[in-house]
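Q: I'd like to ask you about the structure that follows.
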Amino acid sequence: MKVAIIHDWLVVNGGAEKVLQEMITLYPGADLYTLVNFLPEKDAQWLNGCTIHTSFIQALPFAKKQYRLYFPLFPIAIEQFDLSGYDLVISSSHAVAKGVITGPKQTHICYCHSPARYAWDLQHEYLREAKLDSGLKSVLARYFLHKFRIWDTRTSNGVDLFISNSNFIRARIKKCYGRLSETLYPPVDTSRFGLNEHKEDYYLAASRLVPYKRIDLIVSSFQQLKDKKLIVVGDGPEMKKIAALASGYPNISILGYQDDKSLLSYISKAKAFIFAAEEDFGIMPVEAQATGTPVLAYGKGGSLETVVDGVTGLFFSEQSTASIIDCIHRFEQMPASFDAAAIRAHSETFSNVTFREKLKYRIELFLKEAR
């Protein structure tokens, strides 16, 4: 059986790339197709030398740093891949990968991280963040997003089986495409994280510093909690804004980017990990739990499926400083309720081994039923 794996783009090692890595491990002889491949060689060892095919966007001017500007070309680019020689096509899609063209005798299984959020229910939020909510550029952006939604809906019919990365995304797939899907949580390499039952007196927030992560809310909360220590790890477009918010507050430390070893140390020793984003799934909260660290999370999206309220962490109901502060106060009144070993045990249900076994079983079962 010839297998092709389709991935949106290879630029950084993020959560989608962890899923891709498990797919390649499961099908080591598969060919990989992606719009662009600008992954640094030092970060690409896990590709195991598999054959990689890129689209014409790879060769366009400034694509290495500005590939997203070619968004209007993504649909036509993904459709140019000739997959007619493959029996099984597996797409790992959060943008356009699921739009590849396959024939009636081929099986296309899509692991959907999410329908493109910026084109569907979060369009207006993304336009505001990109300062594209008015003017000529806004009109153009809205036009291209409109055309993209038409294409995105049409190409969903070419998928034989959708697998969603959470129940939250399963609902979005049903809303956007009118398709049913099965949930398989993405892999977390819990073996990298050791249980640490000895916590220190600080809270931790760690992520890429982009607007929707709402690190600004967390920092603003600790402006009022001057007797409690916050450490923020990560870098990104909002670094200046976050650093300015923390300026003059000795209880708040902004450390910027940290290597994996340092980040793991901070996570494992934290009193609690604070997560204020509405994520489709959210790997970092699971990684924190793998060290036995409880998670204080915004109670919406994927966090509802990865954190057990009152057992492995607590939820706050709103993305606001008042809600975060209330959650921290509630947490400090019940520290004995959180058992590090039990928190660690819960994280194991999201391990990469579990993901790989379940994905293999579901693909083989679908192929058997389709014969």
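Q: Exposed loop GluC sites (Glu not before Pro) only (DSSP loop, at most 16 other Cβ atoms within 10 Å): please give the longest stretch of the chain free of them, not including the sites. Let's see the in-between values first.
A: Numbers: sites that count: GLU197, GLU200, GLU318.
With GluC sites (Glu not before Pro) excluded where exposed in loops, the chain gives 1-196 as its longest stretch.
Q: Could I ask something else about it? Within 10 Å of each candidate Cβ there may be at most 14 other Cβ atoms; applying that plus a DSSP loop requirement, which trypsin sites (Lys or Arg not before Pro) in the stretch 65-119 survive?
A: Numbers: sites: LYS65, ARG68, LYS98, LYS105, ARG117; in loops: LYS105.
Sparse-neighbourhood loop trypsin sites (Lys or Arg not before Pro): LYS105.
Q: If you take the beta carbon distance between GLU318 and SER253 as r and set R0 to 45 Å, what does 1/(1 + (r/R0)^6) give as a FRET efficiency, to the nearest 0.05?
A: On the way: r = 26 Å, r/R0 = 0.57.
Here the calculated transfer efficiency is 0.95.
Q: Let me ask something else about it. Rounded to the nearest 500, what is the 222 nm mean residue ellipticity of the chain from helices alone, with -39500 (n - 2.57) per DSSP H run of 4+ residues and division by all residues?
A: Details: 14 runs with 139 residues, N = 371.
Value at 222 nm, helices only, nearest 500: -11000 deg cm²/dmol.
Q: Mind listing which chymotrypsin sites (Phe, Trp or Tyr not before Pro) in the stretch 256-365 are in a DSSP loop and have 14 or fewer other Cβ atoms within 10 Å?
A: For chymotrypsin sites (Phe, Trp or Tyr not before Pro) across the stretch 256-365 that sit outside H, G, I, E and B with at most 14 neighbouring Cβ atoms in 10 Å, the list reads TYR257.
Q: I'd like the FRET efficiency for ARG371 and LYS147, computed as 1/(1 + (r/R0)^6) with the beta carbon distance as r and R0 of 35 Å, rounded to 0.05.
A: Values: r = 38 Å, r/R0 = 1.07.
According to the calculation, E is roughly 0.40.
Q: A follow-up question, please. Using r as the Cβ-Cβ distance of LYS174 and ILE101, and R0 as 22 Å, what FRET efficiency do you calculate, to the nearest 0.05?
A: 0.40
Q: Convex hull over the Cα atoms of the stretch 226-293, averaged projected area in nm²? Mind dumping the intermediate values first?
A: Numbers: hull surface 20.8 nm².
Averaged projected area of the stretch 226-293's Cα convex hull equals 5.2 nm².
Q: Calculate, in nm to one decimal, what LEU195 and LEU73 gain on full extension: separation in residues at 0.36 nm each, minus their alpha carbon distance.
A: Numbers: separation 122, 0.36 × 122 = 43.92 nm, distance 4.62 nm.
Taking 0.36 nm per residue and subtracting the Cα distance, the gain is 39.3 nm.
Q: Report the full-extension gain for the segment THR183 to ARG330: residue separation times 0.36 nm, less the Cα-Cα distance, to one decimal in nm. Before the final figure, lay out each step's value.
A: On the way: separation 147, 0.36 × 147 = 52.92 nm, distance 3.20 nm.
Between THR183 and ARG330, full extension yields 49.7 nm more.
Q: Two decimals is fine: what is log10 I(q)/I(0) at q = 0.09, 0.17, 0.18 Å⁻¹ for the stretch 190-350, from a Debye sum with one equal scatterer on every Cα and no solvent?
A: Normalising to I(0) and taking log10 leaves -0.24, -0.94, -1.07.
Q: Right, another one. Looking at [x] 28.2; [y] 20.6; [z] 18.7, which value of mean projected area of the Cα convex hull in nm² comes from a calculation on the structure shown?
A: [z]
Q: Determine the dipole magnitude for the chain: charges of +1 sit on the beta-carbon of Lys and Arg, -1 on that of Asp and Glu, nothing else is charged, the reference point is the Cα centre, and the result goes in debye to the nearest 20.
A: Taking the Cα centre of the chain as origin, the dipole is about 820 debye.
Q: Taking neighbour Cβ counts within 10 Å as the exposure measure, how do SER91, SER134 sort from fewest upward? The partial results should precede the final answer.
A: Values: SER91 26, SER134 10.
If I rank by nearby Cβ atoms, fewest first, I get SER134, SER91.
Q: Per 0.36 nm of contour for each residue apart, how much would the distance between ARG356 and ASP43 grow if the chain were fully extended, relative to their Cα-Cα spacing?
A: On the way: separation 313, 0.36 × 313 = 112.68 nm, distance 2.13 nm.
So the extension gain works out to 110.5 nm.
Q: Please tell me which of these pairs span more than 18 angstrom C-alpha to C-alpha: LYS2/LYS105; LYS199/LYS240; LYS105/LYS368; LYS2/LYS368; LYS18/LYS358; LYS229/LYS269?
A: With Cα atoms farther than 18 Å apart: LYS199/LYS240.
Q: How would you order 57-64, 213-220 from highest to lowest mean count of nearby Cβ atoms within 10 Å?
A: Working: 57-64: 13.5, 213-220: 21.8.
Result, highest mean first: 213-220, 57-64.
Q: Can you tell me the 0 to 90 degree angle between the C-alpha axis of helix 167-177 and the longest principal axis of the chain, rounded to 10?
A: Tilt of helix 167-177: around 40 degrees.
Coordinate-derived values only; no laboratory data. Keep in mind that what you see is a predicted model, and the values were worked out from it rather than measured. Counting neighbours? That spans all protein chains shown, and the Cβs are built from the backbone with ideal geometry, glycine included.
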